[in-house]
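Peer 1: Here it is, the structure in full.
The values are calculated or read from the model by the stated rules, or taken from the named source; none is laboratory data. This is a predicted model, so every value here is computed, not measured. Every residue, glycine among them, receives a Cβ derived from its backbone with ideal geometry; neighbour counts consider all protein chains shown. For accessibility, only protein heavy atoms count, side chains too; no ligands or nucleic acids. Shrake-Rupley method; radii C 1.70, N 1.55, O 1.52, S 1.80 Å.
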Amino acid sequence: MGAPYFKYTDICKKNNVAVFSSNFSLYTNISDRVMHTLSQFAPKIELYSVDEAFLDLSGFEHWDLKEYGHEIKRVVEQNVGIPVSIGIGPTKVLAKVATRVAKKSTKANGVVDISDPKLRDIALKIVNV
């Protein structure tokens, strides 16, 4: 995490740096609500971090996964009140790549599916790996 704030007090004052404390209880509460909502969309969910999860969409191959992603995004935003980005890919790493593209692309509206190899190639050219 780095050195404690008091070691940087002088440089912060000199550069007019605003310092705020974190509200970990609020952040944890929001995370729990997001994860609970996500758990309703797939039989298996892996909580990766406080703000990231992987849904196992095995068996969903005949679904329109991009549309399903938009539904997940809509419900999370409705239930929790925060925007989310959703990336869909055949592996966890590729799902993270898709999420990165979803965050950057205004056309994607927060959801990118790179299950198709052609779309995957485009996404991998966009994202620095």
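Peer 1: At negative phi, in a loop (DSSP other than H, G, I, E, B) and touching a residue at least 40 places away in the same chain (Cβ under 8 Å) - does that describe any residue in segment 80-88?
Peer 2: Yes, segment 80-88 contains at least one residue that is at negative phi, in a loop (DSSP other than H, G, I, E, B) and touching a residue at least 40 places away in the same chain (Cβ under 8 Å).
Peer 1: List the pairs whose first member sits in segment 14-41 and is within 25 Å of Gln78 (Cβ to Cβ), whose second member is open to solvent by 100 Å² or more (accessible area, probe 1.4 Å), and whose Cβ atoms are under 7 Å apart, counting only residues at least 6 apart or on separate chains?
Peer 2: Ser31/Asp51; Met35/Leu47
Peer 1: Would you say Phe41 is in a loop (DSSP other than H, G, I, E, B) and either at positive phi or modelled with pLDDT of 95 or more (or both)?
Peer 2: Yes.
Peer 1: Give Val75, Val97 a once-over and let me know the one that is at pLDDT 95 or above, out of contact with any strand residue (DSSP E or B) (no Cβ under 9 Å at 6 or more places or on another chain) and not in a loop (DSSP other than H, G, I, E, B).
Peer 2: After ruling out the rest, the residue left standing is Val75.
Peer 1: Sticking with this one: Answer yes or no as to whether Ala123 is surrounded by 13 or more Cβ atoms within 10 Å (Cβ to Cβ) and within 30 Å of Phe24 (Cα to Cα). Don't jump to the end; show me each part of the working.
Peer 2: Numbers: surrounded by 13 or more Cβ atoms within 10 Å (Cβ to Cβ): yes; within 30 Å of Phe24 (Cα to Cα): no.
Spelling it out, it is not the case that Ala123 is surrounded by 13 or more Cβ atoms within 10 Å (Cβ to Cβ) and within 30 Å of Phe24 (Cα to Cα).
Peer 1: Might you let me know whether segment 52-72 holds any residue that is in a strand (DSSP E or B), farther than 26 Å from Val127 by Cα and open to solvent by 80 Å² or more (accessible area, probe 1.4 Å)?
Peer 2: Taking every residue of segment 52-72 in turn, none turns out to be in a strand (DSSP E or B), farther than 26 Å from Val127 by Cα and open to solvent by 80 Å² or more (accessible area, probe 1.4 Å).
Peer 1: Next question, about the same structure. Which residues, taken from segment 25-40, are exposed (fewer than 13 other Cβ atoms within 10 Å of the Cβ) and small (Gly, Ala, Ser)?
Peer 2: Matches in segment 25-40: Ser25 only.
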